[in-house]
Each structure stands twice: as C-alpha cells, then as structure tokens.
1. Using the 10 angstrom Cβ neighbour count as an exposure proxy, how do Arg559, Arg46, Arg868 rank, fewest first?
2. Taking the Cα centre of segment 631-786 as origin, work out the dipole magnitude from +1 charges on Lys and Arg Cβ and -1 charges on Asp and Glu Cβ, in debye rounded to 20.
3. Let's test the formula: R0 of 45 Å, r as the Cβ-Cβ distance of Glu688 and Arg607. What FRET efficiency results, to the nearest 0.05?
4. Sequence gap at least 6, Cα distance under 8 Å: using those rules, report the relative contact order of segment 612-695 to the nearest whole percent.
5. How big is the equivalent ellipsoid of segment 1-146 along its three axes, where each semi-axis is √(5λ) from the Cα gyration tensor, reported in whole Å from largest to smallest?
6. Mind jotting down the distance between the C-alpha centroids of segment 743-787 and segment 669-728, whole Å?
7. Let's see if you can work this out: charge +1 on each Lys and Arg Cβ, -1 on each Asp and Glu Cβ, no other charges. What is the dipole magnitude of segment 547-695 about its Cα centre, in debye to the nearest 20?
8. Find how much the distance from Ala32 to Glu472 grows on full extension, using 0.36 nm per residue of separation minus their present alpha carbon separation; answer in nm with one decimal.
Amino acid sequence: MSDTSSPIPVEPQAPRYDFRASEPKWQQAWNADECFAVEDVPTDGRPKYYVLEMFPYPSGKIHMGHVRNYTLGDVVARYRRARGYNVLHPMGWDAFGLPAENAAREREIHPARWTWDNIAAMRAELKRMGLSIDWSREFATCQPEYYGHQQHLFLDFLAAGLVERKESWVNWDPVDGTVLANEQVIDGRGWRSGALIEKKKLSQWFFAITRFAPQLLAALDGMDRWPERVRLMQANWIGRSEGARIRFPLTEPQNGVTALEVYTTRPDTLYGMSFLALAPEHPLALALAATDAKAAAFIAECRRLGTTAEAIETTEKRGYPTGLAVRHPFDPARTVPVWIANFVLMDYGTGAIFGCPAHDQRDWDFATAYGLPILPVVRPAQGALPPDEAYTGPGTLMNSDFLDGLDVDAGKRAAIDRLAAMRWGESETNWRLRDWGVSRQRYWGCPIPIIHCDACGPVPVPVDQLPVVLPEDVTFDIPGNPLDHHPTWKHVDCPRCGTPAVRETDTCDTFVDSSWYFARFCAPQAAEPVSRAATDYWMPVDQYIGGIEHAILHLLYARFFTRAMKETGQIGVEEPFAGLFTQGMVTHESYRGAHDGRWLYPTEIERRADGSAIVAGTDEPVTVGRIEAMSKSKRNTVDPGAIIDRYGADTARWFILSDNPPERDMEWTESGVAGAYRFTQRLYRLAEAIAVSVPSAVTGEETPAARKLRRATHRAIAAVTDALDAFSFNVAVARLYELAGAMTDAEKDAASAPEDGALAAARGESLDALARLSAPMMPHLAEAMNSLLRPDGGPLVAQMTWPEADPALVLAESVTIAVQVMGKLRGTVVFPPGSPADEVIAAAEAEQNVARLLEGKRIVKRVHVPDRIVNFVLAG
Ligand code: ANZ
Ligand code: ZN
C-alpha cells in the first residue's frame, strides 16, 4: 500500500519523545532480562495466569484486527504480571491451510516457502508492537515437531475409540477430479472449473465428537466467564432436540419394508399431517430408484445440490411422489402419500419426516408447490392463523380428536403416550451435532498416520515411526491431491504384515491443528505431545481472546479435544478456556471514486478544507461511504506497519484501546490516532518536567496542593485497577487522561510554590504511578518515563509490581449523612468517611432542626447506616 497519508499534525512544540529510538531500545531491554519468559513448571509458589490470543494464520501481513486482539491480550498479560502472577503469554502460527496451496498453484511458490516467508514478515510486525510474549515458545503447526505429536494424539484417540472411519458425502468436482471444501463450491459449481458439483461418497476419518455432546452442552452452564452469546451459539450448534420417533405402516409393504420411521419434535401436530417425505439417500428411496428411472433422476439431481445444510435450507423445495402411502397411526382409515424431498437430510433423525404444512414453513413451501393439503391443528391464543405462512407459535390444539383443547406441550405428551401405548412410537432425544469429519484431500496439512493394507485394512503407523513427514518435492500442476500423485511417498510396507501397502494420503482438517496448540504451548519442547506436569500447572487458559467468528467450530473442537485428551490421560482438565473474551471489529469509513465507483484506500484520498474528499493529487471527487468493518474488498483498511512507522506502537495500542469497550466495534480514524500520538508527547513532556525536581525524600508538611495531587494519584490507581479487572480498557484510558490532567494542574501549583517539598514528592509519586499504570497499554513510553524518574537505573517497569492505592486517599474527603426522624429527612451532617457511629449520632441529634423535633420525645431506636443515614425512631 502506498504511504501518502497526511503528515503528523502540527504540534505546539516539537516532538520530545522519539519513539523510533525508544521502542526498539526497550524491546531489547525486555529481551535481555527475559522479562516475559516462564518455566514449563514453575515452582515459585506464585499463582499462575495463562493468557492467550487466538494464534494467527500467516496470511502475510498483520491487520488492525490482529493489532486489537494482541493489544488486548498484552494488556492482560502485563497487568497480571505486575499483580504478581506467573504469566504464560505465548505466540505461534496456525500455519497449514488452503491459501498456501492456492499460492503454490497460482504463483508457483512452494506452500512451505510461502508460509515461512509470511511468518517471518508477521513475526517482525508483531515484535514491533512490543508484545510481552515468551517467544521461546513459538512454533508453527506446519513443523513436523508439532504435527508429529498431533499424529500421536490421533493414534491415541483411535485406540480409545474416539476416531472412526465412516462413509460420508463430499463435494466432487468432476472436471478437476478433486474433492472441494464447502467454501470452494460457489452457487453449486467448482470455484476453478465452474463444473456442476456432485455429491460423492468417500471413506473418511471422523472424530467422535457426538460422544461428548451431552457433556459439551451441560458444561456450558458453568462457564460463567464466557460471553452469554457464545454459550448460546454453542448450545444451538450442539442442538439437543426432544421429540418422538414414530412408525407409520405402509399400506403395502415395499422391498420387505413394512413401516417408515420419522423423527419429529411436534407429535402434537400429527392430525395436521398431509405427507411423509424421505431423504434422497434414504434406503427406501434408493431401492425405489433401482426400478423407477424418474425417481433415480430426481435423486441424482438432489446430489448436485452440495452437501451443506445451508445449501439445502436455501434452495427451492422439490420432491418426487413415490406412489406409496402410509396409514395415520391415530386414524387407520386415513392414508397419506410418501414423497422423496430434497430438504430432508439423511443424517438427521431417521432421514424421514412427516409433513405438517400448517405448522412448519418448509412443509408449507413444499405443500404449496405440489398442491398438498394444509390442515391447521393449532389455534393461536390471540388473532387468526396467518393466511400465507406456517404458524409455529404456541396455542391450543384443534381438529385433533383426543388432543383437542390441549396446549402444545400437553399435546406432545398426550400424543407420545398414545403412540407408546399403541407401540407406534416413543419419545426420543436427538442432537444436531455431527461427528467431525477431518479427512481433507489436500497437501498442506497434517498427514493422517494410517497405512492401508489389502490384507490388514487400515493400520496405524507405529508411534516410533512418527512423524509421518510431508514430502517436499510435490507438484501442483495437475488437479487433485499432490500426496496422491507423488511417485514414491505413499508406497510403504504394511507395519503389520510387511506386504506392500499405501499410506493414507488425506491430511487433517486444519481445525485439528488449532484444537490443542494451547496445551502444547505449556511445554513446547516436551517429548510427549502434551506435558502432564506443565498442563497441570498452566491449564486451563485463564483468559482466551479472539474473534466472534470462532464462537462455534474452533471453540467446540478445542473443547472436544480437551475432553478426548482427558480420556486418553494426556491432560487433567476437561475444559480448555476458563475465560473467553470476544473482541469487536475495527471499522473505518469507506471511499469510492465518484466517477467509476472503484474502492479507494484511505491513503489514496485527501480531505479538503470543507470536509469533502478528493482522490489525492487530483480533482476527482470521492464518495465517502459507510463506516464498516475493515476489509480488503472495500479497501477501507489501514496498514498497522505504516501506522507504527509514523506514530509508534504505543500510539497504535493506546488508540485502539481508547475508543470503545473492547467487546464493541471501534472506529479507526486519522484524527483519533493523531490525538493519541499527541497524548504520548504530552505525557513525556510532563515526565521530563517532573523528573528534574523530584526530591529523594519528602520534605515539609503536606500542603493542600500536595494532598490534592496525591488524592488524584491514588484514585487513578484504584480506578485503573478496577477497570483492568473488568476488561473496561477504554475506562482505564479515560482515568489516565484524568490523572494526566491532575498532574498538569499540579505543575502550575509547583510553578507558583517552588519551595513546596511535599508537592514535589507528590509529583514524583504521581509520575511513578503514571508509568506503572500506563505500562499495560503503552509499555515503551512507560519505560521511558520511568527511566526519567530513575536516571541512575533500577528495575524496568516490566519487572515492577502494580501500584497500590492508599484507601484513605481514595475515599472522598467527607460524606454528607442524611438525618431522619421517623424515616423523614430532617437535616444533614458532614463527616469524614468511616467516622465512628457515636460521634455521628451525637452530631445528628444536635443538628438544629432535628434537635427541635426531638425535644420532649422519647427516642426508642437510633439507626445508623455508616456514611449514609442516621434515623431516630420515636416512641408512640
Ligand atoms: C413434524 C413437524 C410438524 C415438525 C411441525 C415440525 C413442525 P429439530 O428441532 O431441529 O430437531 N426433521 C426431522 N428430521 C429431519 C431431517 N432428517 N431432515 C429435515 N428435517 C427433519 O427439528 C426437528 C423437526 O425437523 C422435526 O419435527 C421434523 O419436522 C424435521 F408442525 O416433524 B417436524
Ligand atoms: Zn498388512
């Protein structure tokens, strides 16, 4: 990106603080003292705190979302360290994935080369941010030292029955002859070939995540440091569904089948049934297709639809009438037609449904398309049934014989009881969650450690032969999986019988790589995948921080992996992340050229005095668009590297923390970042002014000016501490602005009373507090200020403890206490907070107005609420 944005706004004074010299200097100082290194198993007795940001995919450059994410984590890490914790704050790279393979195909660069170049570039950028990371723990998931251990975990899970081999449907591109990921299927066509995608059945490896579905759901309840929203999303994804399995007898048995089973959550609506529908892959549908060409054609058409539930949800509802019929279980005289329908999934429930168009929208759409009856059986409590859509709300049952008059829940129970008595059905719980298919027909991933032998079947690679390393000499000039094409790699002897066999050429879904990296960080050099001693100390992660886009899959997979590792004895915890924080997005105005509507980078535009915008260096007007999440496609991005060049890392960190609470979106503006920059300069000048006059010991009596500043300092300590504890980083920023304001006022006081030794000491105290309180946010500037205060050396702020507020200075100087007689406000008295009850009550009793009211009365009770109320209760 070109670097043409406006220069730093003119300042009243020349910049005093040279961040370009300062930032690298303090980074070196931290490194030299290994300030952020921790042991795998510390024994110093301090409490532990593990803070982790979701590790980055090495795409090439960091973006503002990374800056926000890693700044948030760094604030937590630095703060906790100062509070006396052993803090684990590691960094690594989620380095496998499709983009590297695409780069290989498009630019003829090896995926490994592309990945490592990107890592080098991004590591340098992250280091410039001054993050307090223990870089000695860094790893990339594409290193055999990492993925070899992952293969070991795979084999352990396999031995424990947590990995299975099953047939499953994939997206098959018939032109490229390759399997496509869902995101590579666009409008039903292959993204490269444009060919219509087919569904194809392949034997694949699955993690048995459904085994843990009840536990994964139940544990959400106790996860009180996770956002409610994320817990809800997880619960919906796991999708516990309570309903019934119902058998419908076929009017005539078909291929030995006498009844069809459906799963329903609405047995109460049985009298509204007007059809039964089978999934296109339902065994009976397939059996019919063998003799019915039209049925076969319909099923083939459904296969081209893509495999995702979303695709099925959004396409037009289509069906094929089989000519078969079933009997209604409650009314054997009534028969209902059997269809094959494209919206019925084979892998949910029984792969068959009963359709009740009046009360299910998909059934409604289907019935409308094919002229099937719509029979309402639920009457809403208020209003009429909607004329042109299904009614899915609560109500009273009608047109339903023995169910008439019941509400929906009672109706469900009554219907199930009757079905059970007739042996036509029973209640059943289903889960939306599916087992996790991890096989990917890709090169740039972790090889699945299996060897296929004609005689022995799939055989695990013996652990002492791990890692199964990816071959480097691969070609990408033909479609399909390069591991499959490789002339030699897959040909090995069977570890069991020694005859020629072939390696599994599928690699793991990259979500596997990110499902246990947090455990590896605890002891990244360990000989075993996960060090039990290190994870016993560090796990769970105390604070995990990342984007809401990972609220479902990544977090669920990591939760599954942790439970699986617990079952196989690798780890002692069940849940990986005790606290989760999901940050908001970084947004920016968007710009388009007025002539052609092309998107423009913020650096390509210029503001005129009247606020309108033009393309920089031309007269072409620019349309200023909405403020929205930064994205490459809209070009409303700002390059963090350019910002750090111009203003320094502390300014970027400060601004990104200051604008809004971290869970909300924050708008990146030039004026905002310039304001943050000016503040860094202002703080430094303040520090310089104070540092020259700080006495080594307090001299003289405390003056009002000194007391005022001390109170401001200690209130800031208390408030910033509370704000950081509450993740209210923008509030912490605001409190530091206030402290700077109080310190500036004190400079004026000092100028007019240069002999005030107590004030000079208070100024020193305030600067010390400012350095330590601002260090989590602006660590370099904090060190620079501290070094002004301690010119002869001393500890780095990074090694110092958090300041403590003196409660006496935090409390208000005085409180106004309400004096009541019989609960009515009759006067007030003013006291220092925490004053003794007897003194307060005596003064209240003596208060003029109160004393008058009490005269001649008998006081039966004196109620005292400290610092707030005195109430006199009178007799009679
Ligand atoms: C009859 C009915 C009547 C239904 C009504 C809904 C409303 P959840 O909550 O997600 O479990 N269903 C069952 N199996 C299906 C499959 N394999 N593919 C597509 N749809 C399927 O949803 C359960 C409901 O989804 C079931 O309840 C069934 O439709 C449908 F007024 O049965 B229902
Ligand atoms: Zn064999």
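1. Values: Arg559 23, Arg46 13, Arg868 10.
Fewest to most other Cβ atoms nearby, the residues stand as Arg868, Arg46, Arg559.
2. About 360 debye.
3. The pair Glu688/Arg607 has a calculated efficiency of 0.85.
4. Worked out over segment 612-695, it gives 17 percent.
5. Values: eigenvalues 165, 142, 30 Å².
After diagonalising the Cα gyration tensor, the semi-axes are 29, 27, 12 Å.
6. Value for the Cα centre distance between the two parts: 5 Å.
7. On the way: 17 positive and 21 negative charges, 37 e Å.
Using Cβ point charges on Lys, Arg, Asp and Glu, segment 547-695 gives about 180 debye.
8. On the way: separation 440, 0.36 × 440 = 158.40 nm, distance 3.69 nm.
Computed gain between Ala32 and Glu472 is 154.7 nm.
Only the coordinates and a few stated rules stand behind these numbers; no lab work does. The structure displayed is predicted, hence computed values, not measured ones. Glycine gets a Cβ as well: all are built from the backbone with ideal geometry, and neighbour counts include every protein chain shown.
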